[in-house]
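All remarks here apply to the structure that follows.
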Amino acid sequence: MRLVGWLAVGALLTVLTSTQEGTPTDHWLVLRETLGSAALIGWLIAAVVVWALLEVWQARGVGAQLTERTAGARAQWRRIADRRLNQRLLLLAVAVAAIVLPQFVSEFYQRVLVDQVAVFVLLAVGLNVVVGWAGLLDLGYVAFFAIGAYTCAYFTRALPVKPPFALNPFVILPIAVLVCLVAGLLLGAPTLRLRGDYLAIVTLGFHEIVQLFLVNKDTWTGGNQGAGGIPHFSIDILGIHYQWGLDSLPYWYLFIGMLAIVVFLFSRLEHSKVGRSWTAIREDEVAAAANGVPTVKYKLMAFAIGASTSGLSGVLYASRIGYINPASFPVVLSISVLSYVIFGGMGSLIGVIVGAALLTFLPAVFQEQELVRQEDIPIWIGAILVVMMIFRSQGLIPSRRRRRELGLAAQGIADADAMSESPEGRA
C-alpha cells in the first residue's frame with residue numbers, strides 16, 4: 001500500500017512540475033502529454049527509491065524508537081482496520097489506474113500494455129495458482145498458452161485443417177478453456193505424483209513435445225509458417241455490431257474485464273477449502289496427506305485451473321495479434337512468467353499483477369526512452385530480480401500467509417509455516 005501511495009505522489013509531482021501550458025479547452029491533451037513524457041518515469045523511479053529506502057530504514061531498526069512510541073496507537077489501529085478492506089482498496093486503486101492511465105499514454109505504450117503487459121499479467125495470475133498456492137514447479141506452462149492460441153486459430157479456420165464452420169472468438173473462449181483444462185488433466189494425472197525438480201523436468205518435456213508437434217505437423221498446424229488471418233473479437237447480436245480492430249484500447253479493456261473475472265473467482269477460491277488444502281500441500285505434502293487431504297486431487301485441480309487460465313490468455317493473444325507460429329511460444333516465456341510470480345510475491349494476487357506489470361512494462365520504457373541498449377535490457381531486468389531477492393525475498397507485495405511465515409522464521413520458530421499461529425493469533 002505504501003508503494004502505491006508513493007507512486008501516486010510521483011505521478012502528482014509529474015503534473016505539478018510540468019512545463020506544459022494549455023487552456024481549459026485542451027487541459028486533457030496537456031495532461032495526456034505530461035503523463036506520457038519521460039518525466040513521469042523519472043518521478044516514478046524516484047518514488048520507488050524513496051519507498052525502498054524507507055523500507056530498509058525501518059527493517060534495520062533505525063526507526064525503532066518511533067515504532068515503540070507509536071506501538072499502542074498502531075496496535076489499536078490494526079484492531080480497528082479491516083485488512084480485507086485495505087486489500088480491496090488496493091485492488092480498486094490498481095483497477096482505476098488500469099482504466100484511466102492508458103488514455104493518457106502514447107500509442108506505443110498502449111500497444112505495449114495490450115500485447116505484453118495484459119497477456120503476461122493474465123499468464124502470471126494463472127501460474128500463481130500452480131506455483132504460489134499449490135507449490136508445483138511448472139516449467140511447461142506456456143505450452144497451454146500455445147494450445148489456447150492454436151485452438152482459436154483452428155476454430156476461426158486459420159489452420160490448414162479446418163472445422164466445418166468458423167466460430168466467433170467469444171464462443172471459442174470457453175472451448176479453449178475446456179481444451180486446456182483437459183490437457184492439464186491429461187498431463188497432470190500421471191505426473192503429479194512427482195515432486196519438485198522431477199515435476200519441473202516432466203512439464204519442461206511436455207512443452208518441448210507441444211512445440212515440436214506444432215513445428216513438424218505442418219499439414220495440421222502450418223509448421224514454422226504458423227497461422228495468419230485470425231479474426232478479431234466482434235459482437236453481432238440484437239442489432240449491436242462492434243469489432244475489436246487494430247486499436248489497442250478496446251483490447252486493453254477486454255483484457256481488463258477478463259482479468260477482473262479471473263481475479264474475482266481466484267480470490268474466492270483462495271479463501272475456500274480448496275485454497276487451504278493447496279496451502280497445506282505446499283507447506284508439507286506428507287503432513288497434508290497424513291491429515292486426510294487428497295493431495296493428488298487438489299494438485300490436479302490446481303494444474304488444470306492454471307492450464308485453463310493460460311489457454312484463455314492464448315485466445316486473447318491470438319485474436320489480438322492475428323498471427324501465431326511455434327516461435328511465439330518458447331520455453332523462456334515459462335521462465336519469464338515464473339520470475340514475474342516470484343518478483344510480485346508468490347501466493348499474492350495483487351502482488352503477482354503488479355510484479356508482472358512492472359517487469360513487462362519497464363523494458364518497453366527502457367527501449368522507448370533509449371535509457372539502455374536493447375540487447376542489455378535482459379541484464380537490467382535480471383539485476384532487478386537479484387536485488388529484489390536479496391533485500392525482499394518475499395516479493396514486492398507478499399501474501400498475508402507468506403508475511404506471517406517469514407515473521408515466525410525471523411523469530412527463530414523452527415516450525416514456521418503459513419499454517420502456523422502468529423504470536424498475536426491468527427490474522
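A few points about this structure:
Table: residues versus (1) assigned to a loop (DSSP other than H, G, I, E, B); (2) touching a Phe, Trp or Tyr at 6+ places or on another chain (Cβ under 9 Å); (3) assigned by TED's automatic domain parsing to the domain that holds residue 314; (4) at pLDDT 85 or above.
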residue	(1), (2), (3), (4)
338	no, yes, yes, yes
353	no, no, no, yes
366	no, yes, no, no
376	no, yes, no, no
380	no, yes, no, no
385	no, yes, no, yes
405	no, no, no, no
416	yes, no, no, no
422	yes, no, no, no
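- Evaluated against (1) in contact with a Cys (Cβ under 7 Å, 6 or more places away or on another chain); (2) part of a loop (DSSP other than H, G, I, E, B); (3) among the aromatic types (Phe, Trp, Tyr), residue 165 falls short on exactly one condition, (1).
- Exactly one residue out of 158, 200 is touching a Gly at 6+ places or on another chain (Cβ under 7 Å) and either touching a residue at least 40 places away in the same chain (Cβ under 8 Å) or of a type outside the set (A, V, I, L, M, F, W, C) (or both): that is 158.
- Picking from residues in segment 145-162 that are of a type outside the set (A, V, I, L, M, F, W, C) and part of a loop (DSSP other than H, G, I, E, B), the one that is surrounded by the most Cβ atoms within 10 Å (Cβ to Cβ) is 156.
- Residue match in segment 334-344 (condition: touching a His at 6+ places or on another chain (Cβ under 9 Å), closer than 28 Å to residue 384 by Cα and of a type outside the set (Asp, Glu)): yes
- Residue 238 being over 18 Å from residue 141 (Cα atoms), surrounded by fewer than 19 Cβ atoms within 10 Å (Cβ to Cβ) and within 23 Å of the chain's Cα centre (by Cα): no
- Criterion violated by residue 213 - all others in (1) free of Cβ contacts under 8 Å to residues at least 60 places away in the same chain; (2) of a type outside the set (S, T, N, Q); (3) within 14 Å of residue 146 (Cβ to Cβ); (4) assigned to a loop (DSSP other than H, G, I, E, B) satisfied: (4)
- Boolean, residue 334 is part of a helix (DSSP H, G or I), of a type in the set (Gly, Ala, Ser) and touching a residue at least 40 places away in the same chain (Cβ under 8 Å): yes
- Meets criteria (crowded, with 20+ Cβ neighbours inside 10 Å, of a type in the set (A, V, I, L, M, F, W, C) and closer than 24 Å to residue 110 by Cβ) for residue 230: yes
- Listed conditions (1) touching a residue at least 40 places away in the same chain (Cβ under 8 Å); (2) at negative phi are all met by residue 245, apart from (1).
- Any pair with Cβ under 8 angstrom, 6 or more apart, that starts in segment 289-312 at a residue that is more than 30 Å from residue 118 (Cα to Cα) and ends at one that is part of a loop (DSSP other than H, G, I, E, B): 296/192; 296/193
- Test: residue in segment 174-187 that is touching a His at 6+ places or on another chain (Cβ under 6 Å), assigned by TED's automatic domain parsing to the domain that holds residue 266 and within 15 Å of residue 312 (Cβ to Cβ): no
- Within segment 168-182, restricting attention to residues that are touching a strand residue (DSSP E or B) at 6+ places or on another chain (Cβ under 9 Å) and in a helix (DSSP H, G or I), the residue that is surrounded by the most Cβ atoms within 10 Å (Cβ to Cβ) is 169.
- Qualifying positions in segment 132-162 - closer than 25 Å to residue 364 by Cβ and β-branched (Val, Ile, Thr): 142
- Of everything in segment 90-139 that is of a type outside the set (Val, Ile, Thr) and without any contact (Cβ under 8 Å) to a residue 24 or more places away in the chain, the residue that is surrounded by the fewest Cβ atoms within 10 Å (Cβ to Cβ) is 92.
The values are calculated or read from the model by the stated rules, or taken from the named source; none is laboratory data. This one's a predicted model, so the numbers in the text were calculated from it and none came from an experiment. Here the Cβ is made from the backbone with ideal geometry for all residues, glycine too, and neighbour counts use every protein chain on show.
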